[in-house]
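Novice: Pasting in a structure now, in structure tokens, and then I'll have a few things to ask.
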Amino acid sequence: MANLVLMHTSLLFLSTLFHCVHLSDQFQPFQYNALKQIQQFLNYPSVLTIFDNTWDFCNVEPSPFLTIVCYEDNVTQLHITGNNGVFPPSLPHNFSIDALFSSISSLSNLKVLSLVSLGLWGPLPATIGKLSSMEILNLSSNYIDGFIPLELSYLNNLQTLVLDHNKFTGQIPHWVSSFNDLAVLSLKNNSLFGSLPSSISSSENLRVLAMADNHLFGEIPSLQNLTNLQILDLKNNYFGPTFPVLHHKVVTIDIRNNSFKSSVPNELNSYFQLETLDISINGLIGPFPPSLFSLPSISYIDISGNKLTGKLFQNISCNAHLRFVNLSSNLLTGDLPAFLREKVEEGAVSYDGNCLSGEEGNQKPFSFCHNEALAVEVSPQKLRHKERKAMAVLVSSLVGGIVGLAVIVGLSLWVFQRRNRRAAMKGPSTRLITEKLSTVNTVKLLSDARYISETMKMGANLPTYRAFALEELKEATNNFSHPSIVGEPSLIQIYRGKLGDGTAIVIRSIKMRKKHSPTMFTQHIEMISRLRHNHLVSCIGHCFECCPDDSTVGIVYFVFESLPNGTLRSSICGVGERLNWAQRITAGIGVAKGIQFLHTGIMPGVFSNHLKITDVLLDPNFHVKICTYNLPLLAHQNAGLMGGAAVSSNGLKSNIGGREKEEEKDDIYDIGVILMEILVGRPIMSQNDVMVVKDIIQVSNKMDDTARRSIVDPTIIKECSTESLKTVMDICLRCLSEDLTARPSIEDVLWTLQFAAQLQDPWRHDSHHIHRLSDSNPNNLQEQISRG
């Protein structure tokens, strides 16, 4: 019996010892510490604070904000989402994305990491590469910027990579195809540019390829070998001109708003799993295959905004599950299929802008579509032999998109010069040239994938860029009457007007001599049409006219949006109530974002923009917009876009050598001058003012908070936090450095100003206010600015 008791006691001891060892393994301190640090870095979610009383994080109840999954007592999944993905949480003053990922990297067994809508900002740290077990990474809906780091390629087990809705720049790295098991690659809504790497063709396990809403261009590599690809989402880029080659198992094709100019491939008829097809707003030509209506899985078709031809019939077979069809703005003839007609009243079918017979609404005559169809089918070689007969038709076939608009204007100059040489013009010489065009550079223009498509995500609220009729502009300006003239610098006249739909506009008329080649002119039209961004005053179209007084001169009218609420200077230094400190920081952020787009959002970038605070205007919603760009076409005319884009008139620029290699640093200097005026609240009118105020800021910034507040605008002394004020002063001084290499990058400026906004209470509690001048009553703000 004693032996039995001893044995039982021993077994009990061993069992207890095993249990204790198991508990010590379960509650590993380094995992506990990592999760606690993550909560402290994010100041969110509050549920993590329960770890003050327990280490049992593996049994935390999942919620929409936090989910922790463990396997064998190790954290393998971490999901943190900010406020159901609507508003990000308030990051602490000392937030550091490097420190955050340093703590995360200590969770070495992590396989799934999802940090969504948390307001994270700054470049993605290299420590991400330490998570070697990672299989799913989702960092969407943050403000992470910079290049996609090389260290991501170290995650050999990665299956899903989602970086949507961030601020990533640069090109898509070629190593994205190195992940053998990658199934989802989603980089939507960033600022990526360049082409899609050809190596993507070897990603045979890829199921989702989503690159929408970037600045990507060029041909799409063949994706025919991607037999598992189900979703292709490339909308709102500049891809083209050839329709992508895909495997027939694809389910969704969304290439809306690109620069595809080829025909629709017949292979689409064999895509039996295709459910969604959106090829709208491109320049696709050739016949539209009606058999797409009857594909066994199809439910959504949008082909609007192309030049697709073909005849439809009432008895065409259609899939009964079709829920949306948009055929608008093509060259279709015949009769609307009976099945589609039944869905018109439901709002599920649109077909305006075609030549369909027997239909009410906006239908064109059959002859229009017939002639247009002939135009898009005639080859350039045939056009050379039939130039006089086919020129008028070619014009119509090209006006559908921005590429066509560029061709029209550039080739109009060519025709204009040729007609002058032949002295064959009949009637008045003052007229819009839209009848006779040649095919010079047509092939090049149609194959240039960087041409702007009809709309652009950064300027989605603006009208489509188009060619205006001269009569429209005459009506808008009362025949260019003297009262509408608001400026006349050198060869440019400036008019204000209002279009027939009530849209207020500003018109710049520029006299162009025949020394300007069509190719040069076309390139500049392309550049101007692509400059669409939330923080840029955008051009919405142009018109070309022969000068009635000089046959060697043409006149180009550029039509811009009109902003009614004055300049940033008037709302900072004007009479009456002025913008508060948080509003001023947000205005500075808007300026930085506009310059960042000019530098990196288009190719080639636009630098040395000679920016002044009077070039920063306020739109109807009181967001800031820059109205100055360094466009060579306008600079050659001794004046700039919107009144001085390429010529600095206030003498603020330093004569610093090496400008050719560091052009972007010129704009950084100008931002520094604007920040200086934001700080002191009075106009900076000369280079001497800049030097004097800079010295004062330097001295006070090295002292204490009292000294710093003594030099700022008295209206903001009591409302700016100590840390926020010092941060803005620091970046202002760095921007104004005489040493180009010491000036920050535009990304550094933007990051620092966003950080200053977060430091400012109470404005930092909602990072969405970074994108607005005020979260107060907009009517009150409008009243303030109007009085200012």
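The values are calculated or read from the model by the stated rules, or taken from the named source; none is laboratory data. Bear in mind that the values here come from a model prediction, so they are computed numbers and not experimental data. Note that each Cβ is placed from the backbone with ideal geometry, even for glycine, and that neighbours are counted across all protein chains shown. Quick note on the areas: whole protein, heavy atoms, side chains included, nothing else; ligands and nucleic acids left out. Shrake-Rupley method; radii C 1.70, N 1.55, O 1.52, S 1.80 Å.
Novice: State which residue is surrounded by the most Cβ atoms within 10 Å (Cβ to Cβ) when the search covers only segment 132-154 and only residues that are touching a strand residue (DSSP E or B) at 6+ places or on another chain (Cβ under 7 Å) and aliphatic (A, V, I, L, M).
Specialist: That would be I148.
Novice: Considering only segment 495-533, how many residues are β-branched (V, I, T), open to solvent by less than 40 Å² (accessible area, probe 1.4 Å) and modelled with pLDDT under 85?
Specialist: Adding up the residues that qualify gives 4.
Novice: Answer yes or no as to whether S700 is at pLDDT below 95, open to solvent by less than 60 Å² (accessible area, probe 1.4 Å) and out of contact with any helix residue (DSSP H, G or I) (no Cβ under 6 Å at 6 or more places or on another chain).
Specialist: For S700, the condition - at pLDDT below 95, open to solvent by less than 60 Å² (accessible area, probe 1.4 Å) and out of contact with any helix residue (DSSP H, G or I) (no Cβ under 6 Å at 6 or more places or on another chain) - is not met.
Novice: Considering only segment 167-192, how many residues are closer than 19 Å to W121 by Cβ and either hydroxyl-bearing (S, T, Y) or open to solvent by 10 Å² or more (accessible area, probe 1.4 Å) (or both)?
Specialist: 5
Novice: Scan segment 667-697 residue by residue and report those that are in a helix (DSSP H, G or I) and open to solvent by 50 Å² or more (accessible area, probe 1.4 Å).
Specialist: N688, M691, V692, D695, I696
Novice: Also: Would you check which residues across segment 72-87 are at pLDDT below 85, closer than 18 Å to L107 by Cα and open to solvent by 40 Å² or more (accessible area, probe 1.4 Å) and list them?
Specialist: Within segment 72-87, E72 is the sole residue that qualifies.
Novice: Determine if segment 116-127 includes at least one residue that is closer than 20 Å to N157 by Cα, in contact with a Leu (Cβ under 7 Å, 6 or more places away or on another chain) and surrounded by 19 or more Cβ atoms within 10 Å (Cβ to Cβ).
Specialist: no
Per-residue answers, yes or no, for (1) touching a strand residue (DSSP E or B) at 6+ places or on another chain (Cβ under 6 Å); (2) buried (at least 22 other Cβ atoms within 10 Å of the Cβ); (3) more than 25 Å from P244 (Cβ to Cβ); (4) hydrophobic (A, V, I, L, M, F, W, C):
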{"position": "S291", "(1), (2), (3), (4)": "no, no, no, no"}
{"position": "D302", "(1), (2), (3), (4)": "yes, no, no, no"}
{"position": "N306", "(1), (2), (3), (4)": "no, yes, no, no"}
{"position": "T309", "(1), (2), (3), (4)": "yes, yes, no, no"}
{"position": "V325", "(1), (2), (3), (4)": "yes, yes, no, yes"}
{"position": "G334", "(1), (2), (3), (4)": "yes, no, yes, no"}
{"position": "R341", "(1), (2), (3), (4)": "no, no, yes, no"}
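Novice: When you go through N237, N266, N257 one by one, which is the residue that is open to solvent by less than 30 Å² (accessible area, probe 1.4 Å) and out of contact with any Leu (no Cβ under 7 Å at 6 or more places or on another chain)?
Specialist: N257
Residue by residue, here is whether (1) more than 21 Å from G146 (Cα to Cα); (2) at pLDDT below 90; (3) out of contact with any Phe, Trp or Tyr (no Cβ under 8 Å at 6 or more places or on another chain) holds:
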residue	(1), (2), (3)
S186	no, no, yes
N190	no, no, no
S195	no, no, no
A210	no, no, yes
S222	yes, no, yes
N225	yes, no, yes
K235	yes, no, yes
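Novice: Please determine, by comparing only the residues of segment 570-615 that are open to solvent by less than 20 Å² (accessible area, probe 1.4 Å) and assigned to a loop (DSSP other than H, G, I, E, B), which one is modelled with the highest pLDDT.
Specialist: Applying the filter and picking the extreme gives L611.
Novice: Restricting attention to segment 703-723, and to residues there that are assigned to a helix (DSSP H, G or I) and either charged (D, E, K, R) or under 16 Å from E677 (Cα atoms) (or both), which single residue is least open to solvent (accessible area, probe 1.4 Å)?
Specialist: Here the answer is I716.
Novice: Name, by its number, the condition in (1) open to solvent by less than 10 Å² (accessible area, probe 1.4 Å); (2) farther than 21 Å from R532 by Cβ; (3) of a type in the set (S, T, N, Q) that does not hold for Q273.
Specialist: The number of the failed condition is (1).
Novice: In addition: Within segment 194-202, does at least one residue satisfy the condition of being open to solvent by 10 Å² or more (accessible area, probe 1.4 Å), within 18 Å of R256 (Cα to Cα) and in contact with an Asp or Glu (Cβ under 8 Å, 6 or more places away or on another chain)?
Specialist: yes
Novice: Which one is surrounded by the fewest Cβ atoms within 10 Å (Cβ to Cβ) among residues in segment 23-41 that are at pLDDT below 80 and assigned to a helix (DSSP H, G or I)?
Specialist: Only one residue fits best here, namely P29.
Novice: Also, quick follow-up: Kindly evaluate L491 against the criterion of being modelled with pLDDT of 80 or more and among the hydrophobic types (A, V, I, L, M, F, W, C).
Specialist: Criteria not met by L491.
Novice: Could you run through segment 618-653 and say how many residues are open to solvent by 30 Å² or more (accessible area, probe 1.4 Å) and either at pLDDT 75 or above or assigned to a loop (DSSP other than H, G, I, E, B) (or both)?
Specialist: Looking only at that region, the number is 13.
Novice: If you go through segment 157-170 one residue at a time, do you hit one that is acidic (D, E) and touching a residue at least 60 places away in the same chain (Cβ under 8 Å)?
Specialist: no
Novice: Also, I was wondering about something else. Please work out if T715 is at pLDDT 85 or above, polar (S, T, N, Q), closer than 26 Å to M691 by Cα and under 27 Å from the mean Cα position of the chain (by Cα).
Specialist: Spelling it out, it is not the case that T715 is at pLDDT 85 or above, polar (S, T, N, Q), closer than 26 Å to M691 by Cα and under 27 Å from the mean Cα position of the chain (by Cα).
Novice: Confirm whether A375 is at pLDDT 85 or above, over 17 Å from L312 (Cα atoms) and under 37 Å from the mean Cα position of the chain (by Cα).
Specialist: no
Novice: Something else now. Of all residues in segment 252-273, how many are hydrophobic (A, V, I, L, M, F, W, C) and either at pLDDT below 95 or in contact with a Gly (Cβ under 7 Å, 6 or more places away or on another chain) (or both)?
Specialist: Of the residues in that region, 4 qualify.
Novice: Can you say whether S551 is modelled with pLDDT of 85 or more and open to solvent by 30 Å² or more (accessible area, probe 1.4 Å), as far as the supplied structure shows?
Specialist: no
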